[in-house]
Amino acid sequence: MKKRLTFGVIASECSREYTSQVLSGMIEQAFICGCDLIIMSAMNNFQPPLHIQKQYEADIYKLALSDSFDGFVYDRNYIYNDDIVKETDKLLRSTNKPVITLDSLPQKYFGNVISHDYDAFARLAEHLINDHGFRKIYCLTGTKGYIPSEERLAAYLDTMKKYRLHYDSTYYGYGDFWKDSPVRLAKMIIDHKLDTPEAIMCANDVMAEALIEALQKGGIRVPEDIAVTGYDGYTDNTATDPWLTTHRKNGFDLGAEAVRKLYGSITGKNCRRVYNKPDDLIIGGSCGCSCVTKNTSLPRDRKMKKICEERFRQSNMLFDVMHCTTVPELVITLSGNLYLLYGWRRFRIFLTEPYLRMAGKSTSLRYDPSVSLKEMMWCDAAGNERLDTTAFPLWYLPEHISDARFPAAYYVTPLHINENFYGIAALSYGKRSGTYPDNYISFINYITAALEQIAVRSSSKRSKDSVSSDSTRLYEMLCDLRKNMHDFPEKDRNIDSMSESVNVSRSYLQRMYKSYFGKSIFEELIYYRMEKAKKLLAQTKSSVSEIAELCGYASYNHFVRQFRQSEDLTPTEYRKKVRGSRNSK
């Protein structure tokens, strides 16, 4: 009997909100089509400058050479490194399997699905025309020739025609989906090289936020002088002042359509389409709406993820795994920490035979498609455990982790330190279309750090005492540095001075700090600053700008933005909430 179809997904930064929506759509559609999904996930987006540790995450894409795959979905846009994109393009072409890209420029060898933005962008334009009475409206779209850019521009032009509003070539233009083009547009308006419009529509939120900031610096008020809208809803629309009016684009349908198209191209059959809740406008103050409301309550899934992430941050997992001296001991320790990952159903670890037999030997651990793996951990959320320790080739992994009873979706990520490849972790959410949260990245980093420690101990027994002593001294110095940041978060700090204080290089300091404590130095510093800010907001009458300065921020807007990202509330909203809670008691 022919095996179930297996689709590979080339993805990066799966914890990113929009990417997780796309992946949720893929998983639900794959289950309807009766297919397995193997998501080859790199945990970063390869944006330059590229650290060697992140660079070698791209090795997981070489798993696409496995004969077990019947086709691929390729999220090409969110790999921000041209060399890795070229190598991945070449890799997928060499498989001679069908490939579907997402929202990509036309490719000679690949199919493509696009998200359609025409109707939503037109609704945004009609909001400005009908609800605000604006007539002189400009549009800054994205990259020329890129289908979403052209669709958004067409929606603007057709809406202007529909309402018989004047426009000419100075009213619209192509941008870059980044900050440069809106800053140039703002400068032309400020310098009176362009007439001042009543409103400007931007093709994404990044451009809208940059435009608002540039206009305000030039003395132009938003929305009193010029209204501004964004699109996509990828960023926090309350991080700008005023809050950004935008349209939250959901990637669920795009991911589902990619899998449905791939299934049809292979089988010649149409599969029932899975549908998601339609997108909608998010009304902020940047368009001039006076009644701005924001529901600050989080959906249950997001609340639970946030709770698990906080538990993870407070847990002793790093210290527990770093004290493991053997792989079996590490597996037992990991089993006791899986509860820190919200919603997981199955978790598996496969280690390479070269890693497992490296004790006391000098062994190459570079990625090799012909290397054999052994499953060292299999457990599910119900507490069941089972193992098949028979060695099998790496290219057989997609078929090895499939389940004969029902379709499955697995995120597979490499376990490696720089170029040293130790194995693969596989995570499944069972019959749910779950995507892993940010703390899963730290979870994997802890595992690889522990594997490296086990390797060091086993291959360097004679120097074990000196290595342990050096590691202990560094750990103690980093603990002192961490305590100092906790006690005095407002101090101005930089990597150079901190690396000098512990007598190590910049890169080694950052790598070891994150390895020991699970967060980067500056992630920790921001957390301590936010804790101090919350204490001052709750216990003092100081203004928000004074508190920003007391917490080490030279920019009020920067402080408000970071606080909002951390707490899902502005500082003022947080103060009202805390004091309201006290009064109610």
### Task
Could you tell me whether any residue of segment 123-143 is part of a loop (DSSP other than H, G, I, E, B), touching a Phe, Trp or Tyr at 6+ places or on another chain (Cβ under 7 Å) and in the same structural domain as Arg184 (by TED's automatic domain parsing)?
yes
### Query
Of all residues in segment 143-156, which are in contact with a strand residue (DSSP E or B) (Cβ under 7 Å, 6 or more places away or on another chain) and surrounded by 15 or more Cβ atoms within 10 Å (Cβ to Cβ)?
Thr143, Ser149, Arg152, Leu153, Tyr156
### Task
Sort out which residues of segment 177-202 are crowded, with 17+ Cβ neighbours inside 10 Å and part of a loop (DSSP other than H, G, I, E, B), and write them in order of number.
Phe177, Pro197, Glu198
#### Entry: Residues satisfying the stated conditions in segment 445-456, i.e. at pLDDT 90 or above and either buried (at least 20 other Cβ atoms within 10 Å of the Cβ) or over 18 Å from the mean Cα position of the chain (by Cα) (or both)
Tyr446, Ile447, Thr448, Ala449, Ala450, Leu451
### Summary
When Asp36 is run through (1) surrounded by fewer than 22 Cβ atoms within 10 Å (Cβ to Cβ); (2) closer than 27 Å to Ser370 by Cα; (3) among the acidic types (Asp, Glu), the failure sits at (1)
### Summary
Ile84 passes all but one of the listed conditions (1) closer than 23 Å to Met26 by Cβ; (2) free of Cβ contacts under 8 Å to residues at least 40 places away in the same chain; (3) surrounded by fewer than 19 Cβ atoms within 10 Å (Cβ to Cβ); the exception is number (3)
### Query
When you go through (1) surrounded by 18 or more Cβ atoms within 10 Å (Cβ to Cβ); (2) free of Cβ contacts under 8 Å to residues at least 12 places away in the same chain one by one for Leu102, which number turns out not to apply?
(2)
### Summary
Going through (1) more than 14 Å from Val99 (Cα to Cα); (2) surrounded by fewer than 18 Cβ atoms within 10 Å (Cβ to Cβ) one by one, Lys62 fails only at (2)
### Query
Does segment 477-500 contain any residue that is of a type in the set (A, V, I, L, M), under 25 Å from the mean Cα position of the chain (by Cα) and assigned to a helix (DSSP H, G or I)?
yes
### Message
Based on this model, can you work out whether Phe46 counts as assigned to a loop (DSSP other than H, G, I, E, B) and either out of contact with any helix residue (DSSP H, G or I) (no Cβ under 8 Å at 6 or more places or on another chain) or surrounded by fewer than 23 Cβ atoms within 10 Å (Cβ to Cβ) (or both)?
### Response
yes
## Note on the structure
Conditions (1) within 26 Å of Tyr508 (Cα to Cα); (2) aromatic (Phe, Trp, Tyr); (3) touching a Ser or Thr at 6+ places or on another chain (Cβ under 8 Å) -> Phe443 fails only (3)
### Query
Take the residues of segment 193-208 that are among the small types (Gly, Ala, Ser) and out of contact with any His (no Cβ under 8 Å at 6 or more places or on another chain): which is nearest to Leu244 (Cα to Cα)?
Ala208
### Message
Suppose we filter Leu92, Leu124 for residues that are aliphatic (A, V, I, L, M), farther than 30 Å from Asn418 by Cα and touching a strand residue (DSSP E or B) at 6+ places or on another chain (Cβ under 6 Å); which single one remains?
### Response
Leu124
### Message
Please verify whether Ser15 is under 17 Å from Leu427 (Cα atoms) and modelled with pLDDT under 90, treating the condition exactly as stated.
### Response
yes
### Task
Starting from residues that are free of Cβ contacts under 8 Å to residues at least 12 places away in the same chain and not in a loop (DSSP other than H, G, I, E, B), keep the ones in segment 144-172 and report whichever is farthest from Gly133 (Cα to Cα).
Glu150
#### Entry: Sole exception among (1) modelled with pLDDT of 90 or more; (2) crowded, with 16+ Cβ neighbours inside 10 Å for Glu546, by number
(2)
### Task
Please specify each residue of segment 495-514 satisfying the condition of being surrounded by fewer than 17 Cβ atoms within 10 Å (Cβ to Cβ) and charged (D, E, K, R).
Asp496, Glu500, Arg506
### Message
Are there strands (runs of 3 or more DSSP E) fully within segment 208-282 with at least 3 residues that are buried (at least 16 other Cβ atoms within 10 Å of the Cβ) and modelled with pLDDT of 90 or more? List them.
### Response
227-229
## Note on the structure
Taking segment 363-388 and keeping residues over 16 Å from Ile332 (Cα atoms), touching a residue at least 12 places away in the same chain (Cβ under 8 Å) and not in a strand (DSSP E or B) leaves Leu365, Arg366, Tyr367, Asp368, Pro369, Ser370, Val371, Asp388
### Query
Tally time: how many residues in segment 283-327 are more than 30 Å from Glu476 (Cβ to Cβ), modelled with pLDDT of 85 or more and assigned to a loop (DSSP other than H, G, I, E, B)?
7
### Sole exception among (1) surrounded by 24 or more Cβ atoms within 10 Å (Cβ to Cβ); (2) in contact with a Ser or Thr (Cβ under 8 Å, 6 or more places away or on another chain); (3) over 14 Å from Pro398 (Cα atoms) for Val22, by number
(2)
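The values are calculated or read from the model by the stated rules, or taken from the named source; none is laboratory data. Here the structure is a predicted model, which means the values were calculated and not measured. Counting neighbours? That spans all protein chains shown, and the Cβs are built from the backbone with ideal geometry, glycine included.
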